[in-house]
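The values are calculated or read from the model by the stated rules, or taken from the named source; none is laboratory data. As the structure is a computational prediction, the values presented were derived from the model and not from experiment. Using ideal geometry, Cβ is built from the backbone for each residue, glycine included, and neighbour counts are taken over all protein chains shown. For accessibility, only protein heavy atoms count, side chains too; no ligands or nucleic acids. Shrake-Rupley method; radii C 1.70, N 1.55, O 1.52, S 1.80 Å.
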Amino acid sequence: MIEVKFLKKMEKKIWKSNFKHGLWDILFGTILIILIPTHYFIGNIALRITMGHHSFIFWYVFLGFSCLTGLCILFKYLSDTLISERVGFVKYRANRKIILKKMIILCIIYLGVILLFFGYIYTKLIYPIMGNDRFFNAICAGLMIFLIPCSITAYLIEFKKLYIYGLLTAIGTLVNEIFGYFIGKSYPFLILLIIGSIIVCIGILIFIRFLKKYPKSV
Amino acid sequence: MKNNKDEIKNSLPTMDDFDKIIHEPARLLILSILYVLESADFVFIKNQTKLTDGNLSSHLSKLEVVEFIDAQKKFIGKKPITILKLSQKGRSAFEKYKKKMVYFLNSLNRR
């Protein structure tokens, strides 16, 4: 099985070179930062006008995912214009395309699961029992919004840093609540701003190094 | 004893059994990359193999002569790119080479 291992390693190495430009890190960090204005927009403006608790969660998730889609389009554009002309164009074989298709289907299904969880299961079934337990809420949000989707994506696309980012963010939401418990006042999503900024900074550093390593060919 | 030596000699492949076009390290690397991909352009192969432009071109032209790879010129915007793809002939030659090499290495392990 020497040949199979060698060629599989070669394919993996080539695939992993996709994540060496730092744009993925910037994308993930920006998503975390974008969650903050989304949260405040819904929380402070929209909720006061018309919405109840159900609509709040629905619009929060909806607006968050709309921003995510916009970011992904921007990412694709930057990837095509800045990255491909430096590292070259490549088409992967059918197995990789199948994995990517699976990932897109999983993302759509997961979006439905989140909407169902926060829109119905949490508000109708869990909330009446647990009440407004801040630690439970933080664990739910950390697991459902960050850790699980990040881990699934990291596993499917083999981007190992995403495991760490997902875990860091999930722990961050819990730490935020712990601080809030001891200080008396919590600063919602401040931790996401800090974590997001750190990840964006890491991404920018990697990106600058990438641009230096692969200058634009004339 | 003599019979045993003859057996070993006969079972091991000779250098003539290996395709010399593929056996050269740089070309083997290029073919391995193209084998695991559907297609890739010149810049991508250059970055992966760390070969110089001239060196890569000469290896690619050798592979093109024996019809192991297909090279297509395309334009993305105003920029010309060369898309490289392993041909059917190249794929089967590489698989043949792979089998022989595995057999050769495995036979060393058995001894």
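Condition test on B:Phe68, is it within 11 Å of chain A (Cβ to nearest Cβ) and either closer than 20 Å to A:Ile14 by Cβ or touching a residue at least 60 places away in the same chain (Cβ under 8 Å) (or both)? Against the criterion (within 11 Å of chain A (Cβ to nearest Cβ) and either closer than 20 Å to A:Ile14 by Cβ or touching a residue at least 60 places away in the same chain (Cβ under 8 Å) (or both)), B:Phe68 does not qualify.
Within region A:159-218, count every residue that is part of a loop (DSSP other than H, G, I, E, B) and in contact (Cβ under 8 Å) with a residue 12 or more places away in the chain.
Step one: of region A:159-218, the residues part of a loop (DSSP other than H, G, I, E, B) are A:159-160, A:184-189, A:214-218.
Adding the requirement that they be in contact (Cβ under 8 Å) with a residue 12 or more places away in the chain leaves A:159, A:186, A:188-189, A:214-217.
So the count comes out to 8.
Kindly evaluate A:Ile99 against the criterion of being modelled with pLDDT of 85 or more and either touching a strand residue (DSSP E or B) at 6+ places or on another chain (Cβ under 8 Å) or under 30 Å from B:Leu34 (Cα atoms) (or both). No; evaluated as a whole, the condition is false for this residue. Evaluating B:Ile76 against the criteria (1) open to solvent by 30 Å² or more (accessible area, probe 1.4 Å); (2) at pLDDT below 90; (3) touching a helix residue (DSSP H, G or I) at 6+ places or on another chain (Cβ under 7 Å) leaves one unmet condition, (3). Hey, does region A:127-149 have a residue that's touching a residue at least 60 places away in the same chain (Cβ under 8 Å) and either buried (at least 16 other Cβ atoms within 10 Å of the Cβ) or not in a helix (DSSP H, G or I) (or both)? The answer is no; no qualifying residue exists. When A:Leu32, A:Leu47 are checked against the criterion of being at pLDDT 80 or above and among the hydrophobic types (A, V, I, L, M, F, W, C), a single residue qualifies: A:Leu32.
Condition check ((1) closer than 22 Å to A:Lys8 by Cα; (2) modelled with pLDDT under 85; (3) outside any loop (DSSP other than H, G, I, E, B)) across all residues:
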residue	(1), (2), (3)
B:Gln72	no, no, yes
B:Lys89	yes, no, yes
B:Tyr97	yes, no, yes
B:Phe104	yes, yes, yes
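Is it fair to say A:Thr153 is within 16 Å of the chain's Cα centre (by Cα), more than 30 Å from B:Asn47 (Cβ to Cβ), open to solvent by less than 60 Å² (accessible area, probe 1.4 Å) and not aliphatic (A, V, I, L, M)? It is false that A:Thr153 is within 16 Å of the chain's Cα centre (by Cα), more than 30 Å from B:Asn47 (Cβ to Cβ), open to solvent by less than 60 Å² (accessible area, probe 1.4 Å) and not aliphatic (A, V, I, L, M). Selection of region A:55-96 for residues being hydroxyl-bearing (Ser, Thr, Tyr) and either at pLDDT below 85 or assigned to a helix (DSSP H, G or I) (or both) yields A:Ser55, A:Tyr60, A:Ser66, A:Thr69, A:Tyr77, A:Ser79, A:Thr81, A:Ser84. Among the residues making up region B:79-111, those that are more than 10 Å from chain A (Cβ to nearest Cβ), closer than 24 Å to B:Val43 by Cα and open to solvent by 90 Å² or more (accessible area, probe 1.4 Å) are B:Gln88, B:Lys89. Selection of region A:80-98 for residues being in contact with a helix residue (DSSP H, G or I) (Cβ under 6 Å, 6 or more places away or on another chain) and under 22 Å from A:Leu156 (Cβ atoms) yields A:Val87, A:Val90. Evaluation of A:Ile114 against the conditions (1) open to solvent by less than 70 Å² (accessible area, probe 1.4 Å); (2) of a type in the set (A, V, I, L, M, F, W, C); (3) free of Cβ contacts under 8 Å to residues at least 40 places away in the same chain shows that the sole unmet condition is (3).
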